[in-house]
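Participant: My questions will all concern the structure given below.
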């Protein structure tokens, strides 16, 4: 059994003594550090750190931690957040017709690879309840038309609240979410795009890639912002192709990439290993 | 010792019997086929084939081959060309300040990996003669300014002719060649671009990549057309990066990619393994 | 819709005129060749070829093909076989406790990536029927002990015959099949081993890899022979690891490799793209 | 310009407060930490850390550092070492007939990628002085026979001392060093082996790989121990091959791997990013 841990994420202007202060605080309160990862950006003087420590041996309750930590945070003008491994995050999955990412995420969740709960799936078109119900997952179909988009997004926000969703994964969900939804979930919506962004943003990337005659195709998992396919990139990977590959072959090869790249991004998010800084991600892995 | 070979490249509308006719012709003339590679594009009905065969056992001289082959070619409305391994291609390298690709190509040539002659190097700025002369390579410096570009390109064309150059490799040559040069050497100028095109075309791709926060960087070798960074792609590869990598790190990691991707494209060109069809390459490898 | 095709696989001593004879035969009988792939081994003088052609336009029935082809085959002392895409192969899957490869293969079959039927699953321990029955797949549990191994292998052979199985996939099946079974299915049992063979053959390869401190782990799909983990390799891939990865992390990273490598090998087998020659595979892909 | 830095490497039994004590010490002495990297091995309770900090702002001289640090080290029973970026390491390269790794390392050194001095090259057979002398590198030829091996190794040790060599790189040096040399340079001799160890240890790995029919080949950089090809692995990589690749092709593809894998290992060593623990490496990268 892995021990119960807390993950403390910090970002602030760089200066001497931050690591000493933070790790000194934890030592003083008997927290054994399991992982310490730090990054200083020489270009803009930002300091970022992730500390994962055993939460059980500490002499502070969660509330006491917040109070005791405050002076340290103030001294260095820190932004910070803490997450506990025992608070399993609640993930909603949104999906359209293709289910390879949906199936893959649920498999990884079932076999323990992703420490996350999946109470909710939302689809814009097919009804996935026959597949999901036996697994104890509630699903809703919210078809989108030009005229009902606003209403359906309101309904979606309602569902996310009702099911106490922490973050949303767009598992090949083919509708664009508007700022109505996106602004409510900053750095909490993960999308998989089937190209190595920024190449082939927008629709039908495999057709674009085939037409251009590239020799690699890729997949990109990123946080969703209101700027289409331009949010902070979490994970990317590529695979070689050649002239024999038809668009169908790209789709097939891409499926394997999409699911591994998306799963990797979800795992990093679930384990609180990502900081977003100036539209880029710091990934402590 | 590898045997002397001929490489026959064919492209024509697809129909039944092309392979039989071509390989039947070769069998009839006692040519032992070493490699037969074929590609039919279901989308546009094009047929492409590369046949490599031992040229020594044949009962046809080069001139006789052309005459004897003509009826076969006409029957299927073939475009075709033949190249002989004993005719070593003559390659010119163009370079600016960075020499990693130049050095790498010359090393591969010396150790026999590239069966090619390198009689000529042209630089737009630094003088590489101290390095090149001991290797028996003539080099010229043709600095480019706004006002002299046309004159220098004329001079370049002269040199290419004088040194009987078959194809040109832009080994991190940082000037843009105009149609004056490009139109004279269709599918015979190979460039290395330091990004996975079409992402980050144009200048300073590593800066662009760093700014966008991608998790892979790449390199692309392509034939040069008058459409900047948009010619047919021959070879591409990528390497993973992370948030710790500065622009300098990308430059370092990119150097390794650039030289292997460029060398791979040059080798394919030298061995007559590339056909260009509708701005895409068929690579028989 | 893809057209119905036939795949003709040939191996024989190399000589001039084989390709001409084979493709001439097909042209004569109005078979349009879609893919022609050939390999001559300079070391041992073996010639191998795979021809895929549209089977519908031909003027020969299956029986007539065999008769008409015989003289060509005899002339070059060919070993050969032909397979028709309309004869969907029947695949049995054998599995133990871990189901990631089982699930993955079935997903690929359902979504059309693998043109194969799966009538039968055999497990040595857990009962997978709750999962398989809704998909219309019959499953049997054949637990293996020292004393019953021979009896259970006889039972397995019976099942393979009863369900008219063409080939068997060991999808992380943790028992060793004896020659009783293996000799009956030469080049028709595919195993996935969780290391880059020949490194870490035998049991617990991830533990071995962790202990040795390697920086990559791999997976290998191979045909099963009576020589443990030493049969002809069909597909391999590797993934980078580092000192932070525990054995559990290797298991997790390895799962992704295992399923893609195994799926790739199964696809190649299903599409008749593999020839075995002197314990090595020729993979026409 | 990068700032002058010191790298402090620590390993000791894990306990609470080590990071706090070490970083507190540095903060107290005004050392700005640029990189902090830590690893706790849950299996054996070892704690490892690398701290890189600006050495110029510190209020301690090198000698004062050692004295001041001693109590911290004793408190946690630390093994530790410190290295200063201004002390450029002195690297000797040993080589036989193949020079691709030699050339590559020297190129990387010249272009600033490797912050290292190369005063000495030792070859067991060809004389590389024509190539090395113009670069200001002294080279010696120490041919090895059965009868002179001991004498030549003594001579080698003399040269290493005379040229004040910090570490040795075997850049495709084909002789086996005996314990006479190896025991004198623990974790200070880096070898490149042309396979993904532990597969194909010993001689002619590309021939072994070809015979086994693997679908990937690899290269491994490792510290040399007296146990042949079994020392701690620093870096590994692999590349795909197929049935068309002859042994010569493996040699060609392998060359690219060998030089990048070796260069990567040398860079890690030069930048003090490697700890050896129980025949495995902790690589802080």
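Rule-based calculations on the coordinates, nothing more; no lab input. If you're wondering where the values come from, they're calculated on a predicted model, not measured in any experiment. Neighbour counts run over all protein chains shown; Cβ positions are idealised from the backbone, glycine included.
Participant: Evaluate peptide C:29-42: per residue, the Cβ atoms of other protein chains within 10 Å of its Cβ; return the mean as an integer.
Facilitator: 5
Participant: Here is a further query. How many Cβ atoms of partner chains, on average, are near each residue of B:249-256 if near means within 10 Å of its Cβ?
Facilitator: Other-chain Cβ atoms within 10 Å of each residue's Cβ, averaged: 2.
Participant: P(r) tail for the protein assembly as shown, what percent of Cα pairs lie past 50 Å?
Facilitator: Counting pairs separated by more than 50 Å, the tail of P(r) holds 30 percent.
Participant: Could you tell me the distance between the Cα centroids of region D:207-278 and region C:16-59, to the nearest Å?
Facilitator: One Cα centre to the other: 39 Å.
Participant: For chain A, rounded, prolate or oblate, judged on the Cα gyration tensor with a ≥ b ≥ c (square roots of eigenvalues), a/c < 1.5 rounded, else prolate if a/b > b/c?
Facilitator: prolate
Participant: Also, quick follow-up: Which of the peptides A:213-219, C:109-115 is most tightly packed, and how do the rest follow, going by the mean number of other Cβ atoms within 10 Å of each residue?
Facilitator: Order by mean packing, descending: A:213-219, C:109-115.
Participant: Next question, about the same structure. Provide the percentage of antiparallel DSSP beta bridges, counting only those with both residues in region C:159-280; round to the nearest 5.
Facilitator: The antiparallel fraction comes to roughly 80 percent.
Participant: Something else now. Tilt of helix B:18-28 relative to the longest C-alpha principal axis of chain B, in degrees (0 to 90, nearest 10)?
Facilitator: Once rounded, one gets 70 degrees.
Participant: Need one value for B:20-26: mean number of C-beta atoms belonging to other chains within 10 Å of its residues' C-beta atoms.
Facilitator: The mean count of partner-chain Cβ atoms within 10 Å per residue comes to 6.
Participant: Label residue D:82 and residue B:179 with points 7 Å out from Cα along Cα→Cβ: what is the distance between them in nm?
Facilitator: Roughly 6.7 nm, to one decimal.
Participant: I want to verify a result. In a Gaussian network model of chain D, Cα cutoff 10 Å, which of these has the top mean-square fluctuation: D:233, D:165, D:192?
Facilitator: D:165
Participant: Still on this structure: With each pseudo-label sitting 7 Å past Cα toward Cβ, what's the residue A:239-residue C:127 distance in nm, one decimal?
Facilitator: 3.7
Participant: Say R0 is 22 Å: what FRET efficiency, to the nearest 0.05, do residue C:70 and residue C:28 get from their beta-carbon distance?
Facilitator: The calculated FRET efficiency here is 0.90.
Participant: Next question. Pick from D:205, D:42, D:186: which residue has the top mean-square fluctuation in a GNM of chain D where Cα pairs under 10 Å get a spring?
Facilitator: Highest fluctuation of the listed residues: D:42.
Participant: Using a/c under 1.5 as the rounded threshold, could you call region A:198-285 rounded, prolate or oblate? The axes a ≥ b ≥ c are square roots of the C-alpha gyration tensor eigenvalues, and prolate needs a/b larger than b/c, oblate otherwise.
Facilitator: In terms of gyration-tensor shape, prolate.
Participant: Treating the angle as unsigned and between 0 and 90°, give the value, to the nearest 10°, between the Cα long axis of helix D:247-270 and the longest Cα principal axis of chain D.
Facilitator: The angle comes out near 20 degrees.
Participant: Sort shortest first the distances from residue A:138 to its counterpart in every other copy, using label points 7 Å along the Cα-to-beta-carbon line, and give them in nm.
Facilitator: 4.2, 8.0, 8.2
Participant: I want to check the label-to-label distance for residue A:138 and residue B:135. Put each point 7 Å from Cα in the C-beta direction and report it in nm to one decimal.
Facilitator: In this crude label model, residue A:138 to residue B:135 measures out at 7.0 nm.
Participant: I'd like the antiparallel share, as a percent to the nearest 5, of DSSP beta bridges with both residues in chain A.
Facilitator: Roughly 70 percent of the DSSP beta bridges within chain A come out antiparallel.
Participant: Also: Can you list, shortest first and in nm, the gaps between the label point of residue A:155 and those of its counterparts in the other copies, using a point 7 Å from Cα in the C-beta direction?
Facilitator: Here the equivalent label points are 5.2, 7.2, 8.7 nm apart from this one.
Participant: A further question follows. Against the longest alpha carbon principal axis of chain B, how many degrees, from 0 to 90 and to the nearest 10, is the axis of helix B:149-162 turned?
Facilitator: Helix B:149-162 and the main axis of chain B meet at about 40 degrees.
Participant: Further, regarding this structure: Counting pairs of alpha carbon atoms under 8 Å apart in space and at least six apart in sequence, what relative contact order in percent does region A:104-189 give?
Facilitator: Taking the mean separation of contacting Cα pairs over the length of region A:104-189, I get 22 percent.
Participant: Helix-only mean residue ellipticity at 222 nm, chain B, DSSP H runs n ≥ 4 weighted -39,500 (n - 2.57), per residue, nearest 500. What is it?
Facilitator: Dividing the helical sum by the residues of chain B leaves -9500 deg cm²/dmol.
Participant: Still on this model: Given R₀ = 22 Å, what would the calculated FRET efficiency be for residue A:157 paired with residue A:97, taking r from the Cβ atoms and rounding to 0.05?
Facilitator: 0.40
Participant: If the viscosity is 1.567 mPa s and the temperature 4 °C, what Stokes-Einstein diffusion coefficient in µm²/s follows for region D:77-225 when Rh is the Kirkwood radius over Cα pairs?
Facilitator: It diffuses with D of about 78 µm²/s by this estimate.
Participant: State, to one decimal in nm and shortest first, how far the label point of residue D:174 sits from each corresponding label point in the other identical copies (label point: 7 angstrom along Cα-to-Cβ).
Facilitator: Shortest to longest, the spacings are 4.2, 4.6, 5.9 nm.
Participant: In units of 2.2 N^0.38 Å, what is the alpha-carbon radius of gyration of region D:5-84?
Facilitator: Cα-based Rg divided by the globular estimate yields 1.04.
Participant: Counting only DSSP beta bridges with both residues in the protein assembly as shown, what percent are antiparallel, rounded to the nearest 5?
Facilitator: Around 70 percent antiparallel, to the nearest 5.
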